[in-house]
Amino acid sequence: MKIKNFTLFLIWAGAAISIAEIYTGSLFAPLGLTKGLLAILIGHIIGTLFFSLGGLMSYILKLPAIKSTKVVLCNKGTIFLGALNILQLIGWTAVMIIQSAKAFNGALGMSVSVGILFVGISVLLWSLFFESEAYWVNNIAVILLFILTIGVVAFLKGGEILTPEGNISFADAIELAVAMPVSWLPLVGDYTINSENRKSSFIYTFLGYFIASCFMYFIGLFVSLKTGGKDIISYFASIKSGFIPLLIILLSTVTTTFMDVYSAAISTMAVIKTRLSKKELLIIYSLTGIIAAYLFPIDKYQNFLYAIGSVFIPVYTVVFVGFFILKYEESGYLNIPAVVSSIIGIITYNYMVYNGTSLLKWYLTPTITTIFLTALIYTVTQTFFKRKEKIL
């Protein structure tokens, strides 16, 4: 079934309208309004371009997101990437459920444990319902979420901007903005594969996510600046306004987390042989997300985002260079140049995030440096291997 352009736009706008995006934006507050907004825009331009290229690639190949990477990564590489994707999707499911449960705790006094179960079961029911219904259900939810989210800002009209204390650097803020759209890379193609045309698969995916995600980050930044450092969950808990913020939280969690659960099911079916149906996998991953929510240490949220970026940025740099630029179609079980380049990229990213950002200018962030270095190494090593094969 073809996905209309406006529907594709709303699907990815809906993915961005979430409590996790608002919460991440609040982390930018120590930079102040101007620098915070600049970091949001720069990071989202980089991250959403990467994200949209993944959607375009799936459309061209007419393959789901994970399967499309096989043309560069080969069989073993795709299986490894699929397994990592399933793990990060379970992690995202847990993060979203926990954040929502904490907001319910603050606004209603509901215990976090009960909140986790309530939100998690809602995600499960939505997954089962949405799987059998048309995209218009999601379209209505996204439009309502957008309107309700704007309503939250109305509580903070007037007053002065209070820049809270903190030690986030401009480069680190860019990384947090890049990581969010990049985290959707292993599933964007599951939707864009059914786009109306090639141009739509890129443009409407980019615009839907970019506009909505930047707005969510801005709300988080704005709330934190107006409240002197409160994140969105603490803000919801303090205003005790009940219906509006709780409806935003529940709807945004359910509609966004459904995409995580759905992609985990698609990734499983793409990389391993299983007798389980898609619906059975949706149930399994929804329940797994609930269990993980009881065990997941959310206090390390930024590190979770960095971990996603550290893997997907170098791996997908290799994939995009191989497919769009070098136009190689690999065969066999493993692409050695891709593995070597990805490992070097992962090491580079992690070193810069935790040790090296203070040594470089803001425009050489871990993401930018990793992209250029990984692309260069892969191009050189892949060209060498191809020439060697021809000689032999």
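Given the criteria more than 30 Å from TYR328 (Cβ to Cβ), surrounded by fewer than 18 Cβ atoms within 10 Å (Cβ to Cβ), at pLDDT 85 or above and not hydrophobic (A, V, I, L, M, F, W, C), does SER113 qualify? So SER113 fits the description; yes. Residues of the range 323-343 that are buried (at least 18 other Cβ atoms within 10 Å of the Cβ) and touching a Pro at 6+ places or on another chain (Cβ under 9 Å): SER341, SER342.
Has the range 176-183 got at least one residue that is touching an Asp or Glu at 6+ places or on another chain (Cβ under 9 Å), assigned to a helix (DSSP H, G or I) and surrounded by fewer than 24 Cβ atoms within 10 Å (Cβ to Cβ)? Within the range 176-183, none of the residues are touching an Asp or Glu at 6+ places or on another chain (Cβ under 9 Å), assigned to a helix (DSSP H, G or I) and surrounded by fewer than 24 Cβ atoms within 10 Å (Cβ to Cβ). For the range 3-46, a residue qualifies if it is in a helix (DSSP H, G or I), in contact with a Ser or Thr (Cβ under 8 Å, 6 or more places away or on another chain) and among the polar types (S, T, N, Q), and the qualifying residues are ASN5, SER26. If LYS230 passes every condition in (1) more than 21 Å from LEU128 (Cα to Cα); (2) assigned to a helix (DSSP H, G or I); (3) at pLDDT below 85; (4) not hydrophobic (A, V, I, L, M, F, W, C) but one, which one does it miss? Here LYS230 clears every test but (2). Counting residues in the range 40-54 that are at pLDDT below 90, touching an Asp or Glu at 6+ places or on another chain (Cβ under 8 Å) and buried (at least 24 other Cβ atoms within 10 Å of the Cβ) gives zero.
The values are calculated or read from the model by the stated rules, or taken from the named source; none is laboratory data. Quantities reported herein were computed from a predicted structural model and do not represent experimental measurements. With ideal geometry, Cβ positions are generated from the backbone for all residues, glycine too; neighbour counts draw on all protein chains shown.
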